[in-house]
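Asks: Below you will find the structure I want to go over with you.
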């Protein structure tokens, strides 16, 4: 009985340690950047329904509590034993499943360096992936002790800020290597393979993020990334759960929301600035995405803020 209790304690200690470190850094609900580039913390104290968000290529670890990401109508729950990974910039909805003031949902996000992943694949003895099929751009993986240990070392650097510039990149490189050894390795390797479809879709998304206000011709974008239009449509939707036009619309509407909320632009000005020619069409599409008309949505957000 003593041995079993000791074993259980050892299994839960890494997550508890991470929760203690994160809890010591942030005491109020919210999302927080840290002194380590690409590393952020979050804290939630109550369950919350899904909210619209954009998830960058990243790994998200929950040290305490439970969350769920919704992409294309499919839910991806993750907790202390399961991490969330995204290999593309994905429009999504984030939901808090388990949290309380006494046991807040706390965790971390670490942006992925796709170039670093490609270098590690090239430098390691890992065989090249033979599977050229494109999986979704989001997945759930099993947390490993080695992964938790490397994250614990990374977080410990926050108490040793002078060492961050030297040691943080080394530990982040180890974390990327651990991911390539995880059950989500194939997803990451497909997106970094220059002759794979996932890599081409990622390049198309990069273009859309820079040119979302411009008119979009899908055939021209497909040609830009050296794909036929039907193949491009198929793989884009498979990875992002959206069509290219829906993705562009999502980018436009969220940027308009930011302009109205943070820069106090009116509805028409925000609509024209992100590429809409008709404010009425903008309002209809905004209401479909966020559930309420623009003016009401911004009023509610300012009241909450």
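The values are calculated or read from the model by the stated rules, or taken from the named source; none is laboratory data. This structure is a prediction, so every number in the text was calculated from the model and none was measured. With ideal geometry, Cβ positions are generated from the backbone for all residues, glycine too; neighbour counts draw on all protein chains shown.
Asks: Listed residues 150, 100; which is modelled with pLDDT of 95 or more, on the phi < 0 side of the Ramachandran plot and touching a helix residue (DSSP H, G or I) at 6+ places or on another chain (Cβ under 9 Å)?
Replies: On the way: 100 fails: touching a helix residue (DSSP H, G or I) at 6+ places or on another chain (Cβ under 9 Å).
150 is the lone residue from the list that is modelled with pLDDT of 95 or more, on the phi < 0 side of the Ramachandran plot and touching a helix residue (DSSP H, G or I) at 6+ places or on another chain (Cβ under 9 Å).
Asks: Looking only at residues in the range 209-218 that are closer than 20 Å to residue 237 by Cβ and over 17 Å from the mean Cα position of the chain (by Cα), which one is surrounded by the most Cβ atoms within 10 Å (Cβ to Cβ)? Talk me through it step by step, then tell me what you get.
Replies: The first filter runs over the range 209-218 and keeps only residues closer than 20 Å to residue 237 by Cβ, leaving 209, 211-212, 216-218.
Narrowing further to those that are over 17 Å from the mean Cα position of the chain (by Cα): 211-212, 216-218.
Values: 211: 14, 212: 19, 216: 16, 217: 12, 218: 16.
Result: 212.
Asks: Just a yes or no: is a residue in the range 63-72 outside any strand (DSSP E or B), touching a strand residue (DSSP E or B) at 6+ places or on another chain (Cβ under 8 Å) and in the same structural domain as residue 148 (by TED's automatic domain parsing)?
Replies: Checking the range 63-72: at least one residue is outside any strand (DSSP E or B), touching a strand residue (DSSP E or B) at 6+ places or on another chain (Cβ under 8 Å) and in the same structural domain as residue 148 (by TED's automatic domain parsing).
Asks: Within the range 285-299, identify whether any single residue is in contact with a strand residue (DSSP E or B) (Cβ under 8 Å, 6 or more places away or on another chain) and in the same structural domain as residue 207 (by TED's automatic domain parsing), and answer yes or no.
Replies: Yes, there is a match, as at least one residue in the range 285-299 is in contact with a strand residue (DSSP E or B) (Cβ under 8 Å, 6 or more places away or on another chain) and in the same structural domain as residue 207 (by TED's automatic domain parsing).
Asks: Kindly provide the set of residues from the range 43-62 that are in a strand (DSSP E or B) and within 13 Å of the chain's Cα centre (by Cα), ordered by number.
Replies: Step one: of the range 43-62, the residues in a strand (DSSP E or B) are 43-44, 48-55, 58-62.
Within the range 43-62, 52, 53, 54, 55, 58, 59, 60, 61 meet the criteria.
Asks: Okay, next question. Restricting to the range 227-260, count the residues that are surrounded by fewer than 16 Cβ atoms within 10 Å (Cβ to Cβ) and either under 15 Å from residue 296 (Cα atoms) or not assigned by TED's automatic domain parsing to the domain that holds residue 203 (or both).
Replies: Residues in the range 227-260 being surrounded by fewer than 16 Cβ atoms within 10 Å (Cβ to Cβ) and either under 15 Å from residue 296 (Cα atoms) or not assigned by TED's automatic domain parsing to the domain that holds residue 203 (or both): 1 in total.
Asks: Tally up the residues in the range 1-19 that are surrounded by 14 or more Cβ atoms within 10 Å (Cβ to Cβ) and modelled with pLDDT of 90 or more, please. Can you show your working first?
Replies: Step one: of the range 1-19, the residues surrounded by 14 or more Cβ atoms within 10 Å (Cβ to Cβ) are 14-15, 17-19.
Filter again for modelled with pLDDT of 90 or more, leaving 17-19.
Qualifying residue count, the range 1-19: 3.
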